[in-house]
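As structure tokens, the structure follows; a few thoughts come after it.
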């Protein structure tokens, strides 16, 4: 089992707009081979930012990497983006393999 | 749905010993109210360390917090620890609420 988390630092006051982008977009993930589940997670907040992470579970790293090169990936990332000022820096991708369950 | 991740930076060469601690310990989690699932995740490696994260899903933040004050928590954390030199710094706890599923 493989988990991909993309970490986003969101400017104070922009949280709701950011969440709405995820609520309303069509991820096209359900039909992707090896896809298991998607969630958007809200993490800790400070005066400077709120941490969010997209959290996607896959059967394997290979399934995730195949998706990143697919039409479904391009479609999901070609949709409406968040308001200007939402993001503090670039998202940071972290990937994990499950080693003990 | 609530996720608690504890992030560990492990010294090069100590990965297997660290994983074994998690493989062999009795977490006492199955009987804890509100507990859903546990995994140990292996993240990216660099010359300096390998990132691991314990990844525990709960029904709610309240269920997680009740567990941290329980006998089950004390028992799980009173067991054999990893070899000296395993940890680079303290673990960092990050907690998340699922906001879009």
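The numbers here are math on the coordinates, done by the rules we state, and not lab data. Because the structure is a prediction, the values reported are computed rather than measured. Here Cβ is always computed from backbone atoms with ideal geometry, including for glycine, and neighbour counts include all displayed protein chains.
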* To do: Only helical DSSP H runs with n ≥ 4 go in: add -39500 (n - 2.57) per run for chain A, normalise by residue count and round the 222 nm mean residue ellipticity to 500 deg cm²/dmol.
  => -6500 deg cm²/dmol
* Asked: Taking N as the number of residues in the stretch B:2-97, what is its alpha-carbon radius of gyration divided by 2.2 N^0.38 Å?
  -> 1.09
* Take the eigenvalues of the Cα gyration tensor for the stretch A:56-101, scale each by 5, and report the square roots as semi-axes in whole Å, largest first. => 25, 17, 8
* Structure fact -> Mean per-residue count of partner chain Cβ within 10 Å for A:86-97 equals 2
* Expressed as a whole number of Å, what is the distance separating the alpha-carbon centroids of the stretch A:1-17 and the stretch B:1-77? -> 22
* Structure fact -> Expressed as a whole-number percentage, the relative contact order of chain A with C-alpha contacts under 8 angstrom and at least six residues apart is 48
* To do: Find the Rg to Rh ratio for the protein assembly as shown, where Rh is the Kirkwood radius over alpha-carbon pairs and Rg uses the same atoms.
  => 0.98
* To do: For chain A, set up a Gaussian network in which alpha carbons nearer than 10 Å are linked by springs, and say which option among A:36, A:70, A:81 fluctuates the most.
  => A:70
* Structure fact -> Shielding of B:39-46 by other chains, given as the mean Cβ count within 10 Å, works out to 5
* Label-to-label distance, nm, for residues given as residue B:45 and residue B:71 (7 Å Cα→Cβ offset) -> 4.1
* Asked: Hey, rough spin-label estimate for residue B:16 and residue A:93, points 7 angstrom out along Cα→Cβ, what's it come to in nanometres?
  -> 3.1
